[in-house]
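The values are calculated or read from the model by the stated rules, or taken from the named source; none is laboratory data. Given the structure is predicted, the values throughout are model-derived calculations rather than measurements. For neighbour counting, all protein chains shown are included, and Cβ atoms are generated from backbone atoms with ideal geometry for every residue, glycine included.
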């Protein structure tokens, strides 16, 4: 079976003032990216669409689910490593505006022991779905942290964060009937408009 992880499309920046987690919607560019993802995936024959509970992931998934004629299954275990943060600043925006702060945040994130917990819950969720849906093509709309920890586990890497996953990028994995996982591709974006 094939498992395709798609990082959500570009969201807006958001900071809450009441202590609740930031949950931004897609930007205009993000909506264009979501349509491009749906077009790319429509040629692949999708059997099941999963999503993180984050609005940006669900909005990215909506077009693909509609075109594939399937419902979105929201799985909380696919949430972002920073799902409870009061502010969401796209890393790309931070990288452009504050490169030193971006580098420090990225280094802190890559060395975070919290990623071990994220990896365990993500891998458990995706292993459960792939075991339940043998022979199907599943697409899971998620976050860069989810893509990183799953890919690292499949590749046997100690560092759980090694990839700067682009917005709306596709990451394809094959899972055999015995549960053997392999990487088919990482960070695909050729289907996205420039």
Single unsatisfied condition, residue 51 versus (1) farther than 23 Å from residue 125 by Cβ; (2) touching a helix residue (DSSP H, G or I) at 6+ places or on another chain (Cβ under 7 Å): (1)
Total residues in segment 117-146, condition under 12 Å from residue 173 (Cα atoms), surrounded by 24 or more Cβ atoms within 10 Å (Cβ to Cβ) and touching a strand residue (DSSP E or B) at 6+ places or on another chain (Cβ under 6 Å): 2
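A quick yes/no check of all residues on (1) more than 22 Å from residue 24 (Cβ to Cβ); (2) more than 17 Å from the chain's Cα centre (by Cα); (3) surrounded by fewer than 18 Cβ atoms within 10 Å (Cβ to Cβ); (4) modelled with pLDDT under 95:
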position: 95; (1), (2), (3), (4): no, yes, yes, yes
position: 100; (1), (2), (3), (4): yes, yes, yes, yes
position: 115; (1), (2), (3), (4): yes, no, no, yes
position: 179; (1), (2), (3), (4): yes, yes, yes, yes
position: 187; (1), (2), (3), (4): yes, no, yes, no
Segment 71-93, residues that are at pLDDT 90 or above, part of a helix (DSSP H, G or I) and in contact with a helix residue (DSSP H, G or I) (Cβ under 8 Å, 6 or more places away or on another chain): 77, 78
